[in-house]
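The values are calculated or read from the model by the stated rules, or taken from the named source; none is laboratory data. Because the structure is a prediction, the values reported are computed rather than measured. Cβ placement follows ideal geometry from the backbone for every residue including glycine, while neighbour counts extend to all protein chains displayed.
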Amino acid sequence: MDFEKIKPWIYKLNPEFAHTLTETVLKSYKYCPLFLEWLKKDTFITDLSLEQHLWGLKFPNPVGVAGGFDKNGTMVESFPLLGFGWGEVGAITPKPQFGNPKPRVWRFPEWEAVQNSFGFNNQGLERISNRLKKSYPFKVPIGANIGKNKTTPPHQAIIDYKILVKGLEEVVDFFVVNISSPNTPGLRTLLNPQFVEKLIGELSQLTSRPILLKLSPDMEFNTVEQVVAEAIRGGVKGIVLTNTTTDYSVMPTPIKRGGISGRPLQQKSFQMLKFVATFLKREELLKQIPLISVGGIDSPEEGYRRIIHGASLLQLYTPLIFKGPKIVAQINRGIIERLERDKFKTIGEAVGANL
Ligand SMILES: Cc1cc2nc3c(=O)[nH]c(=O)nc-3n(C[C@H](O)[C@H](O)[C@H](O)COP(=O)(O)O)c2cc1C
């Protein structure tokens, strides 16, 4: 199917409805596994050079589904069909919640950007964990993006995260702690070194699954360094960078609500990666604490640029909306070509080569 041909029709639809429609199609694939395998052959790129083993998990390719695409874990079985080598589900909160009032997602095709103010709308821990149980173990590594309920005051947030880790331990491969969403009031205040050390420390005691932390692109570099150092002290196993930005100066015609993703986030996300990767390299920790880069990765050049600047894995969401699912295979193929050109046998050799 040619995405460019159907794009104008999709863009006529309200963005949240378009996503629900996509979900309806993708979740139905699990009932036709043979069809799924057949479709996958052109999209799901595997090559020894793309393969990595991180946290005891095998990642067949580095491109993953970013948090927020599959909020309720209904589409995990279709991730490989879209070409993804891994992904996240969620954000999941302990109790179900509706999220912020609609409209809460806006497309900006001229800037290849999206703004969203969803606010962790999801069906809650119980329903989602029961659903994931049916697909576990997954075909590719799947992590849970976990967040606190809106009604939980920030000083009790740690309780929510503990409930989520305990409740999802058996049905996901790793966790991404989300305290960087701009759409839950007060959440980003938790992105401070003291709280992060306590939060990651306590969660690490509860599970043998890797705990990753997702950062905001709007943090001062000074705070970033302290937060990363404390997260490591607490036992963090990887850093995801970044979530959406509320710096509305990155786009000419923003609305003043929610977070911006896609092309206008590209430079901020890249700078943040470079900063954290340089810090970890200096501490000789870049191999032990793999970095996941996300934000405006919409071409093979950009994907490869992130790898040579320290990212072991990549994620995307908004580029799927503007380039269609073919972008995933394009990035993976482009990385293979560039690894070969630069004489790296594997991604692992290329990670951080330009730092
Ligand atoms: C509609 C939408 C919903 C999102 N929901 C979440 C979420 O629930 N949890 C999360 O960590 N990030 C969420 N994000 C942020 C993405 O995971 C990602 O960090 C950000 O969009 C930058 O990547 P991109 O430019 O490839 O979209 C959301 C993004 C969008 C566009």
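P185 meets the stated requirement of being part of a loop (DSSP other than H, G, I, E, B) and at pLDDT below 95. Considering every residue within segment 303-321, establish whether at least one is buried (at least 19 other Cβ atoms within 10 Å of the Cβ) and at pLDDT below 95. Looking through segment 303-321, at least one residue is buried (at least 19 other Cβ atoms within 10 Å of the Cβ) and at pLDDT below 95. Could you tell me whether any residue of segment 281-295 is of a type outside the set (A, V, I, L, M) and within 14 Å of the ligand (Cβ to nearest atom)? Yes, the conditions are met somewhere in segment 281-295. Of all residues in segment 146-166, none satisfies being touching a strand residue (DSSP E or B) at 6+ places or on another chain (Cβ under 8 Å), touching a residue at least 60 places away in the same chain (Cβ under 8 Å), within 21 Å of Q315 (Cα to Cα) and assigned to a strand (DSSP E or B). Being buried (at least 20 other Cβ atoms within 10 Å of the Cβ), of a type in the set (G, A, S) and part of a strand (DSSP E or B) is a property that G68 lacks. In a loop (DSSP other than H, G, I, E, B), over 18 Å from K326 (Cα atoms), of a type outside the set (G, A, S) and modelled with pLDDT under 85 - does that describe any residue in segment 23-38? Yes, some residue in segment 23-38 is in a loop (DSSP other than H, G, I, E, B), over 18 Å from K326 (Cα atoms), of a type outside the set (G, A, S) and modelled with pLDDT under 85.
Results for (1) acidic (D, E); (2) buried (at least 17 other Cβ atoms within 10 Å of the Cβ); (3) in contact (Cβ under 8 Å) with a residue 40 or more places away in the chain; (4) within 16 Å of the ligand (Cβ to nearest atom), shown as yes or no for each residue.
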{"position": "N14", "(1), (2), (3), (4)": "no, no, yes, yes"}
{"position": "A18", "(1), (2), (3), (4)": "no, yes, no, yes"}
{"position": "E23", "(1), (2), (3), (4)": "yes, yes, yes, yes"}
{"position": "K30", "(1), (2), (3), (4)": "no, no, yes, no"}
{"position": "T46", "(1), (2), (3), (4)": "no, no, no, no"}
{"position": "L50", "(1), (2), (3), (4)": "no, yes, yes, no"}
{"position": "V63", "(1), (2), (3), (4)": "no, yes, yes, yes"}
{"position": "E126", "(1), (2), (3), (4)": "yes, no, yes, no"}
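Tell me, please, whether a residue that is of a type in the set (S, T, N, Q), within 30 Å of Q156 (Cβ to Cβ), within 11 Å of the ligand (Cβ to nearest atom) and in a loop (DSSP other than H, G, I, E, B) can be found in segment 72-82. Checked segment 72-82: at least one residue is of a type in the set (S, T, N, Q), within 30 Å of Q156 (Cβ to Cβ), within 11 Å of the ligand (Cβ to nearest atom) and in a loop (DSSP other than H, G, I, E, B). Against the conditions (1) within 25 Å of F3 (Cβ to Cβ); (2) more than 16 Å from the ligand (Cβ to nearest atom), E349 satisfies every one except (1).
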